[in-house]
Amino acid sequence: MKKHNFYAGPSILSEYTIKNTAAAVANFAGTGLSLMEVSHRGKEFVAVMDEARALVKELLDVPASHEVIFLGGGASLQFCMAPYNLLNKKAAYLDTGTWASKAIKEAKLFGEVEVVASSKDRNYAYIPKNYTVPPDAEYLHITTNNTIFGTELHRIPDVPVPLVSDMSSDIFARPVDVSKFDVIYAGAQKNLAPAGVALVLVRRDALGRVERPIPSMLNYRTHIDSGSMYNTPPVVPVYAALQTLKWYKEQGGIAVIQRKNVEKAARLYDEIDRNRLFTGTAAVEDRSLMNVCFVMNEAYGSLENTFSEYAAARGIVGIKGHRSVGGFRASIYNAMPLDSVEALVEVMQSFEQTV
Ligand SMILES: *Cc1c(COP(=O)(O)O)cnc(C)c1O
């Protein structure tokens with residue numbers, strides 16, 4: 001039976017990424033050796049790293065002011081690394097969910113943190129809109145897509161300070177004006193590669209302003225200067241990332257991918273809104289194009305497990321909602337084909353008929 005992978009993260013990767021990475025794990029670039037057992041400083045792997053960084057620049061139209069680096073430690077390390085490098089006195093944070101709160105917690109170790117708005121009052125079901133950012137903040141930190149709660153910032157806020165953003169679950173899902181950001185970071189395991197690497201974009205000018213000493217491994221400068229080769233990079237995730245980036249380019253780039261994402265999400269939200277059994281949990285105007293959260297309508301609440309089993313028996317994998325929201329979450333990242341979304345919609349429709 002074909003499996004349709006709706007896991008939130010680690011999550012679906014393109015067949016192109018998986019096949020090419022598997023082939024390189026067996027025999028890397030015709031060396032007769034595995035990607036896992038060759039020097040990261042050999043010319044074959046250096047070419048992989050260079051091409052991956054160049055493709056990120058091309059796909060996201062990264063201005064010359066910014067550097068692209070690949071780092072270990074996932075997005076969670078960036079929660080502290082960004083303020084370590086950028087926060088001198090004061091930063092503003094927008095609290096839109098669990099990941100945003102974790103970023104806030106770490107930032108407080110480095111300076112004053114002003115939480116400009118929070119949607120915690122309604123279990124993070126919406127994106128706060130009217131807030132003011134203090135002009136003396138060094139940056140405003142946002143989480144563009146809230147993986148757990150299924151909300152997304154459809155508009156990047158216009159604020160008088162630079163932005164720092166966690167884009168772990170919607171990077172490469174839509175075009176972004178990188179020039180507005182001092183730092184953009186993303187753990188790889190949603191829209192890029194297997195876990196083990198984070199993609200980071202840094203504005204060079206934003207560095208060197210903090211007074212504290214920064215340990216080498218936590219200093220963006222170290223990784224910029226060494227071309228992400230200060231220490232041994234996670235070679236398999238970086239290789240896989242390159243395959244995904246090539247696959248994005250082959251499809252026509254990020255604007256094309258965005259159109260597909262809009263279509264996939266509309267298909268699923270339309271069904272949630274139509275089907276008498278289900279309700280979406282996120283405010284309609286803030287619904288994520290990546291993580292679609294829904295619950296059974298109250299009258300049918302007792303059918304939650306029955307629907308889970310019904311869907312699983314039809315190849316639908318990974319739609320259990322996060323424990324802080326409950327119900328269901330279908331993650332429909334870039335690599336998710338429309339066919340799989342259609343398969344889920346059909347399962348929702350045929351289940352409705354059994355009730
Ligand atoms: C998954 C996720 C993280 C955590 O990523 P790690 O790589 O596991 O540290 C952080 N932020 C967001 C928005 C996420 O979706």
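Charges on Cβ only, +1 for Lys and Arg, -1 for Asp and Glu, centred on the Cα centroid of the chain; of Thr143, Ala26, Asn85, which one is farthest towards the dipole's positive end?
Ala26
Quick one: Debye curve from the alpha-carbon atoms of the range 84-215 only, equal weights, vacuum; give me log10 I(q)/I(0) at q = 0.12, 0.14 Å⁻¹ to two decimals.
-0.44, -0.61
Which lysines, if any, have their Cα less than 24 Å from the Cα of Lys102, not counting same-chain residues under 8 positions apart?
Correct list for Lys102: Lys89, Lys90, Lys120, Lys129, Lys180, Lys190, Lys320.
Stokes-Einstein diffusion coefficient for the range 186-247 at 25 °C in a medium of 0.890 mPa s, Rh from the Kirkwood formula over Cα pairs: what value in µm²/s? Each step should come with its number before you reach the end.
Working: Rh = 13.0 Å.
Stokes-Einstein gives a translational diffusion coefficient of 189 µm²/s.
Roughly how much of Glu309 is accessible, in Å² to the nearest 10, using a 1.4 Å probe?
Taking all protein chains as shown, Glu309 has close to 130 Å².
Given the DSSP H assignment, sum -39500 (n - 2.57) over each helix run of at least 4 residues in the chain and divide by its residue total; what's the result at 222 nm in deg cm²/dmol, nearest 500? Write out the running numbers ahead of the final one.
On the way: 9 runs with 122 residues, N = 355.
So the helix-based figure for the chain works out to -11000 deg cm²/dmol.
Pulled fully out, how much extra length does the chain show between Asn123 and Asn27, if you take 0.36 nm times their separation in residues and subtract their Cα-Cα distance?
This chain segment gains 29.7 nm when fully extended.
For Lys43, go through the lysines and keep the ones whose alpha-carbon is under 26 Å away, minus same-chain ones fewer than eight residues off.
Lys19, Lys57, Lys246, Lys249
How large is the translational diffusion coefficient of the range 198-326 in µm² per second when you combine the Kirkwood radius over alpha carbon pairs with Stokes-Einstein at 37 °C and 0.692 mPa s? The partial results should precede the final answer.
Details: Rh = 19.2 Å.
Answer from the Stokes-Einstein relation: 171 µm²/s.
Roughly how big is the range 224-285's charge dipole about its Cα centre, with Cβ charges of +1 (Lys, Arg) and -1 (Asp, Glu), in debye to the nearest 20?
Roughly 220 debye, rounded to the nearest 20.
For Ile18 paired with Arg41, estimate the spin-label separation in nm (one decimal), with each label point 7 Å from Cα along the Cα-to-Cβ line.
Result: 3.6 nm between the two label points.
If only Cα atoms are counted, what is the Rg of the range 72-126, and what is its Dmax, in Å?
Calculated on Cα positions, Rg and Dmax stand at 11.5, 34 Å.
Leaving ligands, DNA and RNA out of it, rank Leu109, Leu87 by accessible area with a 1.4 Å probe, largest first. Mind showing how you got there, number by number?
Numbers: Leu109 125, Leu87 0 Å².
Sorted descending by solvent-accessible area, the residues read Leu109, Leu87.
Return the inverse of the average 1/r over all pairs of distinct C-alpha atoms in the range 289-355, which is the Kirkwood hydrodynamic radius, in Å to one decimal.
On the way: mean 1/r = 0.0807 Å⁻¹.
Evaluated over the range 289-355, this radius sits at 12.4 Å.
If you roll a 1.4 Å probe over the chain with all protein chains in place, what percent of the accessible area is carbon or sulfur?
Roughly 52 percent, rounded to a whole number.
So how much accessible area does Leu33 have, in Å² to the nearest 10, using a 1.4 Å probe?
We get 80 Å² for Leu33.
Can you tell me which of Asn27, Asn261, Asn145 moves the most in a GNM of the chain? Springs connect C-alpha atoms under 10 Å apart.
Asn27
Calculate the radius of gyration of the Cα atoms of the range 166-216 to one decimal place, then report Dmax, the largest Cα-Cα distance, as a whole number, both in Å.
13.0, 36
Take every Cα-Cα distance within the range 13-89, group them into 10 Å bins from 0 onward, and report for each bin the whole-number percent of pairs it holds.
Final binned percentages: 15, 33, 35, 14, 3, 0.
Pull up the DSSP beta bridges for the chain and report the antiparallel fraction as a percent, rounded to 5.
Close to 55 percent.
For the range 1-131, I need the span (max minus min coordinate) of the C-alpha atoms along each principal axis, in Å, sorted largest to smallest.
Between the extreme Cα coordinates on each principal axis of the range 1-131 lie 56, 45, 27 Å.
Counting only other residues whose beta carbon sits under 15 Å from that of Val178, what net charge do I get with K and R as +1, D and E as -1?
-2
Debye sum, Cα scatterers, the chain, no solvent: what log₁₀ I/I(0) at q = 0.06, 0.11 1/Å?
-0.23, -0.75
The values are calculated or read from the model by the stated rules, or taken from the named source; none is laboratory data. Here the structure is a predicted model, which means the values were calculated and not measured. Glycine also receives a Cβ, built like all others from the backbone with ideal geometry; neighbour counts cover every protein chain displayed. Protein only, heavy atoms only, side chains kept; ligands, DNA and RNA dropped before computing areas. Shrake-Rupley method; radii C 1.70, N 1.55, O 1.52, S 1.80 Å.
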